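The values are calculated or read from the model by the stated rules, or taken from the named source; none is laboratory data. Values in this document were obtained by computation on a predicted structure and should not be read as measured data. Positions of Cβ are generated from backbone atoms using ideal geometry, with glycine treated the same way; all protein chains shown enter the neighbour counts. Note: accessible area is taken over every heavy atom of the protein model, side chains too, but ligands, DNA and RNA are not part of it. Shrake-Rupley method; radii C 1.70, N 1.55, O 1.52, S 1.80 Å.
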Amino acid sequence: MRKRETAVLAGGPADGVRIKVTDRPSVLQVTRPCGAEVPADDVRVDALYIYRRDLRVDDEPLRYGFDPASP
């Protein structure tokens with residue numbers, strides 16, 4: 001059985017959000033919808049943010065820090 005653990009996101013637009021992760025992924029992607037000035041059918045625009053696992057934290061909650069170099 002795969003282990004699910006609690007993780008907390010630190011910094012960036014999702015600061016303080018707590019989530020459940022499986023198998024300790026090294027990177028998480030967070031998206032936030034962007035409003036389009038002229039809506040188009042079947043098109044959605046999202047901003048993408050990257051969070052990387054802090055390898056120094058080995059106990060729950062795991063910690064994922066915002067990567068300011070993300071697009």
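Observations, loosely collected:
- All strands (runs of 3 or more DSSP E) inside segment 1-57 with 1 or more residues being within 19 Å of PRO68 (Cβ to Cβ) and among the β-branched types (Val, Ile, Thr): 4-10, 27-34, 45-53
- The one condition from (1) under 16 Å from the mean Cα position of the chain (by Cα); (2) surrounded by fewer than 12 Cβ atoms within 10 Å (Cβ to Cβ) that ALA36 does not meet is (1).
- Odd one out for VAL45, checked against (1) in contact with a Gly (Cβ under 9 Å, 6 or more places away or on another chain); (2) open to solvent by less than 50 Å² (accessible area, probe 1.4 Å); (3) of a type in the set (Val, Ile, Thr): (2)
- Residues in segment 55-65 that are open to solvent by less than 60 Å² (accessible area, probe 1.4 Å) and either farther than 30 Å from ARG4 by Cβ or touching a residue at least 24 places away in the same chain (Cβ under 8 Å) (or both): PRO61, LEU62, TYR64, GLY65.
- Checking each residue in segment 1-33 for being free of Cβ contacts under 8 Å to residues at least 24 places away in the same chain and open to solvent by less than 60 Å² (accessible area, probe 1.4 Å) picks out GLY16, ILE19, THR22, VAL30.
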